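One structure below.
The values are calculated or read from the model by the stated rules, or taken from the named source; none is laboratory data. As the structure is a prediction and not an experimental result, all values here were calculated from the model. Note: ideal-geometry Cβ built from the backbone for every residue, glycine included; neighbour counts use all protein chains shown.
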Amino acid sequence: MNRRIFIKKTIFPVLMSGLGWASKPNSISPDFKNGKRRRLSENGPMIPPVPAILLTVKGKPGNPQEISVVWTFVLEGKPPQIGISVADYHIAGDLIKMYQEFVLNVPTSDMVDAFDRVDMNSSKVMDKFALSKLTEGKAVVVDAPTVAEAPIQLECRIINTIDLPPHRTVFFADVVATTVLDGVCDENGRLIVPNVPFFGMTAGSGEFYTMGNKVGHIGKSVGRDDIKY
């Protein structure tokens, strides 16, 4: 399949923004909003869903290329900018600081097993391409590997870095190129959501879910349908 390129103009949509997220019928009481609110014994960043993203970055000279799972969030649509949060004990963190560029690869539901293998071995196994059996590709603008199977790839360059105690680093980056496989976007670069089985993690349960039924779109309340980000 051919990969189309959108340079310095696009960023992957907030795929897991909740606008198409479907729950199982009757999986929760229909009158839960009228129930009593209780405080959980353990605080947590329960903001489901969270994008499932595979980050790729060059390895150190003589070492395999690196794949890792990181927290990812959108900063801005125009100009396209993203943020990632990387644990300091992960191999990827030092590599991102070294090279100042990386690729975010958006996986599909048939890659869940490979995704989880990468996630569970982020600081334990050096060659995670071999572990996950994913195919190593090459970015078109930045000097970094990619996951060839990923339908969307965001090539990124660091613009700012913040140390976040106790053990994380937050990187802010420009998206300098976005490539997609044929059928993922229309000719205007708009994501065709039903064509690709994206998935995300539900922070609060640690489960993976694909996109569900469309329930609306950004700008619906003001009669707009042209907003992508």
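Against the conditions (1) within 16 Å of the chain's Cα centre (by Cα); (2) in a strand (DSSP E or B), A150 satisfies every one except (2).
Per the listing F172, F129, the residue uniquely in contact with a Leu (Cβ under 9 Å, 6 or more places away or on another chain), surrounded by 13 or more Cβ atoms within 10 Å (Cβ to Cβ), modelled with pLDDT of 95 or more and of a type in the set (F, W, Y) is F172. For the stretch 75-89, which positions are crowded, with 18+ Cβ neighbours inside 10 Å and over 12 Å from F171 (Cα atoms)? Correct list: P80 only. Of all residues in the stretch 211-228, those satisfying the criterion of being farther than 22 Å from P45 by Cβ and surrounded by 15 or more Cβ atoms within 10 Å (Cβ to Cβ) are I218, K228. When A150, A177 are screened for being hydrophobic (A, V, I, L, M, F, W, C), closer than 23 Å to A87 by Cβ, surrounded by 16 or more Cβ atoms within 10 Å (Cβ to Cβ) and in contact with a strand residue (DSSP E or B) (Cβ under 7 Å, 6 or more places away or on another chain), only A150 passes.
Of all the listed residues (S85, S132), the sole one being under 14 Å from the mean Cα position of the chain (by Cα) and touching a residue at least 24 places away in the same chain (Cβ under 8 Å) is S85. The residues of the stretch 68-101 that are modelled with pLDDT of 95 or more, over 19 Å from K228 (Cβ atoms) and aromatic (F, W, Y), listed by number, are W71, Y99. Applying the criterion of being of a type in the set (K, R) and more than 20 Å from E155 (Cα to Cα) to the residues of the stretch 90-125, the residue that is surrounded by the fewest Cβ atoms within 10 Å (Cβ to Cβ) is K124. Summed over the stretch 165-193, the residues that are among the polar types (S, T, N, Q), touching a residue at least 40 places away in the same chain (Cβ under 8 Å) and out of contact with any helix residue (DSSP H, G or I) (no Cβ under 7 Å at 6 or more places or on another chain) give a count of 2. Each residue in the stretch 194-229 was checked for being assigned to a loop (DSSP other than H, G, I, E, B) and touching a residue at least 60 places away in the same chain (Cβ under 8 Å), and 15 pass. Note on the stretch 136-167: residues that are farther than 25 Å from V112 by Cα and among the charged types (D, E, K, R) amount to 3. Using the structure shown, decide if L134 is modelled with pLDDT of 95 or more, buried (at least 19 other Cβ atoms within 10 Å of the Cβ) and in a loop (DSSP other than H, G, I, E, B). Considered against the rule, which asks whether it is modelled with pLDDT of 95 or more, buried (at least 19 other Cβ atoms within 10 Å of the Cβ) and in a loop (DSSP other than H, G, I, E, B), L134 comes out as yes.
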